[in-house]
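Input: a single structure, listed below in structure tokens.
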Amino acid sequence: MPFLTTDDGVKLYLEETAGGTPVLFIHEFAGSLRSWEPQVRHFARRYRCIIFNARSVPPSDVPDAVSQYSQQRACEDVKAVLDALRIDRAHVVGLSMGGFAALHFGLNYPERARSLLVAGCGYGAEKDQRAKVRKEAEDMAAKIEIDGMERFAAAYVQGPTRVQFEDKDPRGFAEFKRMLSGHSAKGAAQTLLGVLKERPSLYDLEDRLRKLTVPTLVLTGDEDQPCLNPSIFLKRAIPSAGLLVIPNSGHTINLEEPVAFNAALADFLAQVDAGRWPMRDPRTASDGISGMR
């Protein structure tokens, strides 16, 4: 079934591999289902891997109205994929925009998530950066409409959290840039305005995060500056969360460091499936270093 139709009439393109416990991968703003190829090739040996293009990324539909793009809508699209495939529960893996979608899916539908891997999640979360981020989303959307995707992609991938990928893997980086250049200009602009500009700060979700018990791994590169502090916040707020920071790495972490990413995900899934992923010991809540009272 290469396409499914959401409850608001949008068709999403998906692919899956056969057999095993389901693992659903959710791509970032600059990516597509192809961005998960290093993971699907590895994990399809043991898991049922599911990948899909978000609304706005052809061959999925590109809705016309900004109102058809939102953080909640992205969460509902994750549920729509699982519903269409008749999957009750899946491991959910997301990067960046996909990491936000995975996290919101866990908050809204915890009974449907076996686990959550939330990678590169946090851009725009800091309260003192909210106005700047909203303006940046508007500026990028305007640039796309004026210059088109090819020129936008050439500038976007030279950001301070992307150049690490280029330095390590020029061939992979060039392929990533080509794929971004082929995105829908309208879809990219609408996603910036409807999702990235309007999504709530992670810090506004603190009360809900503290109640989240789905096994969660938060993963970030140590040079992904906008995501470092939010990743630490998620670790502290979610009682079922672990945190992994990959050294000398930026934002496009699953492509930049596929071996490290796959190893972390494999170990995480194995622990979850064995029932060995822990809730945080409440004794860790102290700021001290001694057990003396």
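Coordinate-derived values only; no laboratory data. What you see is a predicted model, and the numbers here were worked out from it, not measured in a lab. Methodologically, a virtual Cβ is constructed for each residue, glycine included, from the backbone with ideal geometry; neighbour enumeration extends over all protein chains shown.
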(message) Looking only at the chain, where both bridge partners belong to it, what percent of the DSSP beta bridges are antiparallel (to the nearest 5)?
(response) 20
(request) Would you count, across the stretch 3-277, every pair of lysines whose alpha carbons are under 22 angstrom apart, provided the pair is eight or more residues apart or spans two chains? (result) 19
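To one decimal place, what orientation-averaged projected area in nm² is obtained for the convex hull of the Cα set of the chain? Before the final figure, lay out the partial values.
Numbers: hull surface 61.2 nm².
If I average the Cα hull's projected area over directions, I get 15.3 nm².
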(message) Of 226, 58, 239, which is farthest towards the positive pole of the chain's charge dipole, taken about the Cα centre with +1 and -1 on the beta-carbons of Lys, Arg and Asp, Glu respectively?
(response) 239
(message) As I understand it, the value is the acute angle between the Cα axis of helix 97-108 and the longest principal axis of the Cα atoms of the chain; what does it come to in degrees, rounded to 10?
(response) 50
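When a footprinting reagent is the concern and you count Cβ atoms within 10 Å, what order do 49, 227 take, fewest first? Please report the intermediate quantities before stating the final value.
Details: 49 25, 227 29.
Ranking 49, 227 by Cβ neighbours within 10 Å, fewest first, gives 49, 227.
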(request) Could you tell me how many degrees, from 0 to 90 and to the nearest 10, lie between the Cα long axis of helix 258-273 and the main elongation axis, the longest principal axis, of the Cα atoms of the chain? (result) 50
(request) Would you look at the GNM of the chain, springs on alpha carbons closer than 10 Å, and say which of 26, 50, 87 moves the most? (result) 87
(request) Give the angle, between 0 and 90 degrees and rounded to the nearest 10, that separates the Cα long axis of helix 225-237 from the longest principal axis of the Cα atoms of the chain. (result) 40
